[in-house]
Amino acid sequence: MNSKKRRQKKKLQKKSAGSDRPTQILNEAFRLYKSGNLKLALRKCELLLAAHQKHTDALSLSGSIHLDLGQTQAGVNCLQSVVKILPDSSQAHFNLGTALSANGEPAEAISSQHHALELKPEYPEALYNLGNVYRQTGELETAIRSYRSALDLAPDYPGAATNLASSLLRLGRAGEALDASNAALKHHPGDRDALAFKAIAASEIGDPDTAASILCMDRLIVQKDFEAPASFRDLAEFNKALVTHVLSHPTLTREPANVATRHGQQTQNLALEPRGPIAQLQEMIIEAYDEYMNSVCNQVDHLYLRQIPNLSKIDIWGTVLDRMGHQAAHMHRNAWISGVYYAQLPDVMHGANESQSGWIEFGRPPDEFPCMVEHEVRMFEPSEGRMFMFPSFEFHRTIPFESSQQRISIAFDLLA
């Protein structure tokens, strides 16, 4: 091979390697994104976009990462760029609509989803997202039509039947909500929303026995009182360490968006390093979960328990409630088993407490559902060093308390 041919071969090899480089960077960004390393994944995308400004896959991934980081306007900007480059892409309009909804722009989100549907009429994902936007803006009848259209195309579409049930419950149409919940459970037997909404709907149509068989509060909600871990002198020292860790945590925020905390503060995930005393609490949670599954599964024949997969992830967060602090009725739809540990309670919760202030209550539906009957509830008394564990579909709330002292608890979700 002469020198000219060798130079040509090297040039072709270099060109080929250069064309592979963007794909390698994008694949690495996707890998980091899926592993939860969002900031590093975003840096990879930015590196790629510095050389290829119109790389639509990198722009789309950047938009998703910004949304996951709560940077909704940045997410919108990325996805608007994709639409400009690919105006005939239904996926691009769908993604932009999702971002606009997250950014608090419902009218623009609706327009984007309609663009997606014009390009791809049989698009259940766009119909589902359209229903979500209408539901958020209170246009429930329109939301219901969107969910039904999505289900006509994809009867097993996750979330469509349960959001349909939720919308129907908000309109007081419990019978239809029960049908929608049953349809969801047919395809997804462990769906937390479907179980919770079915229990509410059953009570509303006069079938409390069905509701009770789902909630099974006397047997599925389990209490465990702990002693101090071996590395602490006593329980008071351990709880004090937990309180200090929560109160000094950099993510502690007053009433963050989209959570149930009222008149209080909440952290993000405490299971991330540095964990401090949370490491010992995490071991206690795992111990309690093993006991829970061994005892409850042997005593209770419940469809939900048979659906629980191997749970390998844990989220832990601290909640600090001030005077009149409480948590509105909510459940944990993304988890399988949830719980709470009490590290510090105000004096008004000790001794005689006839008003049950600061207690945790299960079974009461959220205020968004205009219930016509009295639903069965269960009250449980917190105590420092006490943990409650329960299926994540159980609606629960806390009772407000009157005290200048703080009520500090640490909640957790066990996830697949």
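The values are calculated or read from the model by the stated rules, or taken from the named source; none is laboratory data. Small disclaimer: the values here were computed from a predicted structure and weren't measured. All Cβ positions, even for glycine, are placed from backbone atoms using ideal geometry, and neighbour counts span all protein chains on display.
Tabulated data for the structure shown
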item: Residues of the stretch 155-175 satisfying the condition of being surrounded by fewer than 17 Cβ atoms within 10 Å (Cβ to Cβ) and under 21 Å from Val133 (Cα atoms); result: Pro155, Asp156, Pro158, Leu171, Gly172
item: Residue within the stretch 380-392 that is among the aromatic types (Phe, Trp, Tyr) and surrounded by fewer than 19 Cβ atoms within 10 Å (Cβ to Cβ) present; result: yes
item: Matching residues, the stretch 233-275, being of a type in the set (A, V, I, L, M, F, W, C), out of contact with any strand residue (DSSP E or B) (no Cβ under 7 Å at 6 or more places or on another chain) and surrounded by 16 or more Cβ atoms within 10 Å (Cβ to Cβ); result: Leu235, Phe238, Ala241
item: Considering residues of the stretch 47-66 that are of a type in the set (A, V, I, L, M, F, W, C) and surrounded by fewer than 21 Cβ atoms within 10 Å (Cβ to Cβ) only, the residue nearest to Ala126 (Cα to Cα); result: Leu49
item: Residue within the stretch 310-328 that is at negative phi, among the acidic types (Asp, Glu) and modelled with pLDDT under 95 present; result: no
item: Flag if Gln299 is out of contact with any strand residue (DSSP E or B) (no Cβ under 6 Å at 6 or more places or on another chain), closer than 30 Å to Ala202 by Cα and touching a residue at least 60 places away in the same chain (Cβ under 8 Å); result: yes
item: Hits in the stretch 175-211 - residues which are of a type in the set (Val, Ile, Thr), out of contact with any His (no Cβ under 8 Å at 6 or more places or on another chain) and in a helix (DSSP H, G or I); result: Thr210
item: Sole exception among (1) modelled with pLDDT under 95; (2) touching a Ser or Thr at 6+ places or on another chain (Cβ under 9 Å) for Tyr157, by number; result: (2)
item: Test: residue in the stretch 295-312 that is surrounded by 13 or more Cβ atoms within 10 Å (Cβ to Cβ) and in a strand (DSSP E or B); result: no
item: Neighbours by Cβ (under 9 Å, 6+ apart or cross-chain): first from the stretch 350-376, in contact (Cβ under 8 Å) with a residue 60 or more places away in the chain and surrounded by 15 or more Cβ atoms within 10 Å (Cβ to Cβ); second polar (S, T, N, Q) and outside any loop (DSSP other than H, G, I, E, B); result: Pro365/Ser203; Phe369/Ser166; Cys371/Ser203; His375/Ser203; Glu376/Ser203
item: Residue tally, condition surrounded by fewer than 23 Cβ atoms within 10 Å (Cβ to Cβ) and more than 20 Å from Pro370 (Cβ to Cβ), over the stretch 192-209; result: 2
item: Search result, residues across the stretch 384-403 that are among the polar types (S, T, N, Q) and either under 19 Å from Tyr289 (Cα atoms) or free of Cβ contacts under 8 Å to residues at least 12 places away in the same chain (or both); result: Ser392
item: Among (1) surrounded by 15 or more Cβ atoms within 10 Å (Cβ to Cβ); (2) in a helix (DSSP H, G or I); (3) of a type in the set (Lys, Arg), the one test that Arg219 misses; result: (1)
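Conditions (1) of a type outside the set (Phe, Trp, Tyr); (2) touching a Gly at 6+ places or on another chain (Cβ under 7 Å), marked per residue:
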| position | (1), (2) |
| --- | --- |
| Asp218 | yes, no |
| Val222 | yes, no |
| Asp225 | yes, yes |
| Phe232 | no, no |
| Leu235 | yes, yes |
| Thr253 | yes, no |
| Thr267 | yes, yes |
| Gly276 | yes, no |
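A quick yes/no check of all residues on (1) over 30 Å from Ala177 (Cα atoms); (2) assigned to a strand (DSSP E or B); (3) without any contact (Cβ under 8 Å) to a residue 12 or more places away in the chain; (4) of a type in the set (Phe, Trp, Tyr):
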| position | (1), (2), (3), (4) |
| --- | --- |
| Ala257 | no, no, yes, no |
| Asp290 | yes, no, yes, no |
| Ile314 | yes, yes, no, no |
| Arg333 | no, no, no, no |
